[in-house]
Amino acid sequence: MRGILCLLLVALATAKVFDRCDWARVLKNNGMDGYVGKGLATWVCLAKWLSNYNTSAITHHSDGSTDYGIFQFNSRYWCKEHITRRSLNFCHIQCSELLTDDVSVAIRCVKRAFRYSHDQSGWKAWHPHCWNQGLSSYLAGCSL
Ligand SMILES: *[C@@H]1O[C@H](CO)[C@@H](O)[C@H](O)[C@H]1NC(C)=O
């Protein structure tokens, strides 16, 4: 019984699906409002489309790589899965770190990603709706 309770607590502590406004507040507290000229709504929009605000989101690809976490970072480029798996690991992290409720890891990685790719062409192509005007609905009703 105690073992089951422990497991349950671990599960609760390690994954999280954010409420939209809670996520916006976390982003703001982590300096994302205005980062590379993008307002908070952009980052809320991205997380919505990429993971539906779910820190445990995982997407497997046919090339053997996997996308991890709330911003769906790919294991080929951004994080390392395993010592035997090659990765450019631009964020210098283990992919599993992107799946916990400590979203500071994912936020540091997104900052790094946008610092490197100045035109953000990848994200822009995949999620054109997050670069349009009129993203205010992503922050509607949030007291920030
Ligand atoms: C979050 O993602 C995990 C892993 O894909 C999934 O099992 C879980 O159901 C998702 N949670 C919600 C609320 O969508």
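Of everything in the range 38-56, what is free of Cβ contacts under 8 Å to residues at least 60 places away in the same chain, closer than 13 Å to Trp23 by Cβ and either in a loop (DSSP other than H, G, I, E, B) or more than 12 Å from the ligand (Cβ to nearest atom) (or both)? Give them in sequence order.
Ala47, Asn52, Tyr53, Thr55
Give Ser62, Ser96 a once-over and let me know the one that is within 16 Å of the ligand (Cβ to nearest atom) and either polar (S, T, N, Q) or not in a helix (DSSP H, G or I) (or both).
Ser96
Looking at the range 13-37, which of its residues are within 16 Å of the ligand (Cβ to nearest atom), assigned to a helix (DSSP H, G or I) and either over 15 Å from Ile107 (Cα atoms) or of a type in the set (D, E, K, R) (or both)?
Filtering the range 13-37 for residues within 16 Å of the ligand (Cβ to nearest atom) gives 13-20, 22-23.
Filter once more, keeping what is assigned to a helix (DSSP H, G or I): 13-14, 20, 22-23.
Residues satisfying the conditions are Ala13, Thr14, Arg20, Asp22.
FYI, it's all coordinate maths here, none of it is from the lab. Everything numeric here is computed off the predicted structure, so don't read it as measured data. When we count neighbours, we look across all protein chains shown, and the Cβ atoms used for this are built from the backbone with ideal geometry, even at glycine.
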